[in-house]
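Below you'll find the structure, written out as structure tokens, and then a few comments.
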């Protein structure tokens, strides 16, 4: 019996494990930051997290019916370069990374900060696989890729 073609299920499983670890890190590895550090980290984390939520919401809006948890694009999908996709190729990943960083700072959790860094590396690798699939499905993706940064607008 032939196995169905992968949509990137393994990527999704690892992502869910990392996000779960991030969520529970402050409770599993509690620590004390100085009051001064916490007074800076918490509002900064709230702001960064809110920006992440906004970016995810904008990305979902412009993805429309293309939205899927899997990294492989839908066969009947379309390529978008509108909205936030003009500034970053993977705004969903960007937003989740910012949410993770915001959560880590708000929780004043060094363990969560480490997991946030791991998420950045993970999303960079996941995006690389996704881009191979996007390039195969949309020949115009190569030109878009040369113009627009991958995960962090104007930076990377």
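The numbers here are math on the coordinates, done by the rules we state, and not lab data. Being a predicted model, the structure only gives us computed values, none of them experimental. Cβ coordinates were reconstructed from backbone atoms using ideal geometry, including for glycine residues, and neighbour counts include every protein chain displayed.
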At 0.36 nm per residue, minus the direct Cα-Cα distance, what do residue 78 and residue 23 gain on full extension? Give it in nm, one decimal, please.
-> 16.5 nm
Neighbour-count ranking for 12, 96 (other C-beta within 10 angstrom, fewest to most) reads 12, 96
Between residue 142 and residue 53, with labels modelled 7 Å along Cα→Cβ, what's the label distance in nm to one decimal, could you check?
-> 4.2
Which of 98, 120 comes first, and how do the rest follow, when ranked by fewest Cβ neighbours within 10 Å?
-> 120, 98
CD proxy at 222 nm, helix term only [per DSSP H run n ≥ 4: -39500 (n - 2.57); per residue of the chain; nearest 500] = -22000 deg cm²/dmol
Tell me the label-point distance for the pair residue 125, residue 6, using the 7 Å Cα-to-Cβ offset, in nm and rounded to one decimal.
-> 1.2
